[in-house]
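A.B. asks: First, the structure itself, so that you have it in front of you.
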Amino acid sequence: MTAAATGGPLAGLRVIDLGQVYLGPYCGLMFALMGAEVIKVEPPAGDVIRGVADGRENPAAMMLNSSKQSVTLDLNSAEGREALLALADTADVLIENSRPGTMEKLGVGWDTLSARNPRLVMGSGKGYAADSVYRDAPAMDFPIQALTGLMSVTGFPNGPPVKCGAAITDFLGGIHLFGGIMAALHARGTTGRGDFVQIAMQDVTHHALASNIASFLLAPEGFSDRAGNSQAVLKVAPYDLFPARDGQVAIMCLNDRHWQHLARAMGRPDLANDPALAKGPARCARRAEVDGWVSEWTSAHDRSEIFAALSEAHVPGAPVRKLAEVVADADMRARGMIHDLPHPDLGTVPVPGLPMRFASHAPMPPRPAPAAGADTARILTALRQAGLSTLSEESD
């Protein structure tokens, strides 16, 4: 195997990132961490994600905009729009996730951009598809979780629907948009022309509900929307959170073999050899008993001891960790999945690394995110010097 190259696999691509909040910026982050030159275009006051109530910069801005450059432009002005068009003329990719119709109203929509730069791939992420009846409804992660049914399958049977704690639909949207853009870039290698790639958060979230929908279709009358930490789709047990001396652990026996291994790890060969417990449906019928036996074992040990025993027995499970434990994870740092990058106001921020690995490309550690507009003068000056813009010096 040859030595890994120092540049990322997308080195040489120029990406203009007009992304806002999470979806667009995460898509742009994937390009940046793979070596593309990513220029984030923000309004003069910066992307809304930068601000928090107490006046400090939101650490999420550091996480999502690392390894990018920042240019601030007022797209409501003729000069700002001219600068954006000049940037798009030099780009391979442009990313946006503004409200429907915004780019067209500004005169920088797909038809305009592709006419000027036929090789451009434009990626557009929205809450709802352009041909959806919901097209113009304001959309962010919370209402998308509600409409798609994701919220309906989250929570406990005797409680109301609950949203997923993470902004999952934004990030599902961002990674799907990245994949669509990469497909368009691949096609451009043959056709020489770019493409307009569109994704909707509603649509990509629907894909993530495949197992829940399948279970509903198989038994619509007896389907339980919410199962808490148990398994609503498959009739398996044990599958839940269990108490440990220092917290909780998640344990799942997805098949009968897992149950055999778990029972022996618990020091209960009698349970492993009991034919009345050999099959999943039988254990589900006696879930309270089964969970009681597992809880008796877990409550006598620390999470780390249980995790080690589960791993040795090849039983899926892990400790339930708080975010304070997660951001302090030494293994994630050792593998380059967390980088502590300096910030002038926040000290350091645990910035994520690229979750993909390539045999031919060494991982590129992220660079600190720029302040809003930090690269405006340099980048616009380069456009003028290349004869691609007629902007005045004052517009910097």
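The values are calculated or read from the model by the stated rules, or taken from the named source; none is laboratory data. Model, not experiment: these values are computed from the prediction. All Cβ positions, even for glycine, are placed from backbone atoms using ideal geometry, and neighbour counts span all protein chains on display.
A.B. asks: Name the pairs whose Cβ atoms lie under 9 Å apart, with the first residue in the range 246-261 and on the phi < 0 side of the Ramachandran plot and surrounded by 15 or more Cβ atoms within 10 Å (Cβ to Cβ), the second outside any strand (DSSP E or B) and of a type in the set (Ser, Thr, Tyr), and 6 or more positions between them or separate chains?
C.D. replies: Gln248/Thr298; Val249/Thr298; Ile251/Thr298
A.B. asks: Considering only residues of the range 39-55 that are modelled with pLDDT under 90 and not small (Gly, Ala, Ser), which is surrounded by the fewest Cβ atoms within 10 Å (Cβ to Cβ)?
C.D. replies: From the range 39-55, those modelled with pLDDT under 90 are 45-55; that's our starting set.
The next check asks that each one be not small (Gly, Ala, Ser); those that pass are 47-50, 52, 54.
Working: Asp47: 24, Val48: 12, Ile49: 19, Arg50: 18, Val52: 12, Asp54: 5.
Result: Asp54.
A.B. asks: Just give me the residues in the range 176-193 being surrounded by 17 or more Cβ atoms within 10 Å (Cβ to Cβ) and either touching a His at 6+ places or on another chain (Cβ under 9 Å) or of a type in the set (A, V, I, L, M, F, W, C) (or both), in sequence order. Quick ask: steps written out before the conclusion?
C.D. replies: Of the residues in the range 176-193, the ones surrounded by 17 or more Cβ atoms within 10 Å (Cβ to Cβ) are 176-178, 180-182, 184-185, 188.
Listed by number, the residues that qualify are His176, Leu177, Phe178, Ile181, Met182, Ala184, Leu185.
A.B. asks: Test Arg119 against the stated conditions and say whether it is assigned by TED's automatic domain parsing to the domain that holds Ala362, in contact (Cβ under 8 Å) with a residue 40 or more places away in the chain and basic (Lys, Arg).
C.D. replies: Details: assigned by TED's automatic domain parsing to the domain that holds Ala362: yes; in contact (Cβ under 8 Å) with a residue 40 or more places away in the chain: yes; basic (Lys, Arg): yes.
Against the criterion (assigned by TED's automatic domain parsing to the domain that holds Ala362, in contact (Cβ under 8 Å) with a residue 40 or more places away in the chain and basic (Lys, Arg)), Arg119 qualifies.
A.B. asks: Applying the selection to the range 341-354, what residues are surrounded by 12 or more Cβ atoms within 10 Å (Cβ to Cβ) and of a type outside the set (Gly, Ala, Ser)?
C.D. replies: Taking the range 341-354 as the starting set, the residues that turn out to be surrounded by 12 or more Cβ atoms within 10 Å (Cβ to Cβ) are 341, 343, 346, 348-354.
Correct list: Leu341, His343, Leu346, Thr348, Val349, Pro350, Val351, Pro352, Leu354.
A.B. asks: A further question follows. For the range 118-133, which residues satisfy the criterion of being surrounded by fewer than 17 Cβ atoms within 10 Å (Cβ to Cβ) and out of contact with any Gly (no Cβ under 8 Å at 6 or more places or on another chain)?
C.D. replies: Quick first cut of the range 118-133, residues surrounded by fewer than 17 Cβ atoms within 10 Å (Cβ to Cβ) only: 118-119, 129-133.
Passing the criteria: Ala129, Ala130, Asp131, Ser132, Val133.
A.B. asks: Next question. Six or more apart or on different chains, Cβ under 7 Å: which pairs go from a residue in the range 264-275 that's assigned by TED's automatic domain parsing to the domain that holds Ala309 to one that's surrounded by 11 or more Cβ atoms within 10 Å (Cβ to Cβ) and not in a helix (DSSP H, G or I)? Could you list them?
C.D. replies: Ala265/Val315
A.B. asks: Let me ask something additional. Kindly check whether there is at least one residue in the range 59-69 that is more than 16 Å from Pro355 (Cα to Cα), assigned by TED's automatic domain parsing to the domain that holds Arg357, hydrophobic (A, V, I, L, M, F, W, C) and free of Cβ contacts under 8 Å to residues at least 60 places away in the same chain.
C.D. replies: Scanning the range 59-69, I find at least one residue that is more than 16 Å from Pro355 (Cα to Cα), assigned by TED's automatic domain parsing to the domain that holds Arg357, hydrophobic (A, V, I, L, M, F, W, C) and free of Cβ contacts under 8 Å to residues at least 60 places away in the same chain, so the answer is yes.
A.B. asks: Sticking with this structure for a sec: Got a sec? Which of Asp136, Asp170 is among the acidic types (Asp, Glu) and at pLDDT below 95? Steps first, please.
C.D. replies: Working: Asp170 fails: at pLDDT below 95.
On inspection, the qualifying residue turns out to be Asp136.
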